[in-house]
Amino acid sequence: MIFKEGIMLSIRQATMADLPTVMNLINSAIKVLAERQIPQWHDGKYPLTSDFENDINHGEGYVLVDEDLDSKIIGYAALSSCPDKVYEEGSEVNFNNHVESNYMIVHRVVVDSSVKGKRIGLRFLEMLQAQANELEYHDLRIDTHPKNIAMRKTIMRAGYEEVGMIYLPEVADNDRVAYQLLTRVRI
């Protein structure tokens, strides 16, 4: 897939061989979040290497690849079809559940800071949406910390609608803004 910026991108399922690169991206993102005083991923309890290993083992981890840079991995996200209790219970959300009963959740999105300002994060979310649609999922959900304004803008640009707040258990600063994207209207 080529974008007007001339960058050729693709996504593929992550493998265990990708894990060191993915963890480097995550560790860099944690530093950037700390510099911006965004209390997300800062307490060392989440995300853990085991979260990424589980994503990969379940076929839910995806890497974003820059084909122009010798297939360099510049992003990672999980696309999970497992129902998440956080999205179901104890949250202040208004998901449009009557449209689709099955949904996918986009988790742990990270893009290399070296491509900042090129809307690569937006392109990545669009590619994940296309992957979800290919898998016959037309209800996508995602969340981020309220102070993560850059991610919130990217999510909205990708067509998601804000639907309320969810609260993560066992995580400091546990409030997250939840979003939903419906890609098909069921009749």
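The values are calculated or read from the model by the stated rules, or taken from the named source; none is laboratory data. Not measured: the values here are computed from a predicted model. Methodologically, a virtual Cβ is constructed for each residue, glycine included, from the backbone with ideal geometry; neighbour enumeration extends over all protein chains shown.
All of Tyr46, Tyr62 fail the test of being modelled with pLDDT under 95, among the hydroxyl-bearing types (Ser, Thr, Tyr) and at negative phi, apart from Tyr46. From the list Ile155, Ile120, Ile149, the one residue that fits, being of a type in the set (A, V, I, L, M) and in contact with a helix residue (DSSP H, G or I) (Cβ under 9 Å, 6 or more places away or on another chain), is Ile155. Would you confirm, using the coordinates I've provided, whether Pro20 is exposed (fewer than 13 other Cβ atoms within 10 Å of the Cβ) and either within 21 Å of Thr183 (Cβ to Cβ) or of a type in the set (Phe, Trp, Tyr) (or both)? So Pro20 does not fit the description; no. Restricting region 74-93 to residues that are part of a strand (DSSP E or B) and over 15 Å from the mean Cα position of the chain (by Cα), the residue that is surrounded by the most Cβ atoms within 10 Å (Cβ to Cβ) is Val93. Scan region 138-187 for residues that are closer than 16 Å to Phe95 by Cβ, over 15 Å from the mean Cα position of the chain (by Cα) and of a type in the set (Gly, Ala, Ser) and jot them down. Result: Gly164, single match.
Taking the listed residues Tyr76, Tyr46, Tyr87, the one that is over 13 Å from Met23 (Cα atoms) and either touching a His at 6+ places or on another chain (Cβ under 7 Å) or touching a residue at least 24 places away in the same chain (Cβ under 8 Å) (or both) is Tyr87, with no other qualifying. Whether a residue is of a type in the set (Lys, Arg) and modelled with pLDDT of 95 or more was assessed, and Arg157 passes this test. In region 124-169, which residue that is among the aliphatic types (A, V, I, L, M) and in a strand (DSSP E or B) is surrounded by the fewest Cβ atoms within 10 Å (Cβ to Cβ)? The selected residue is Met165.
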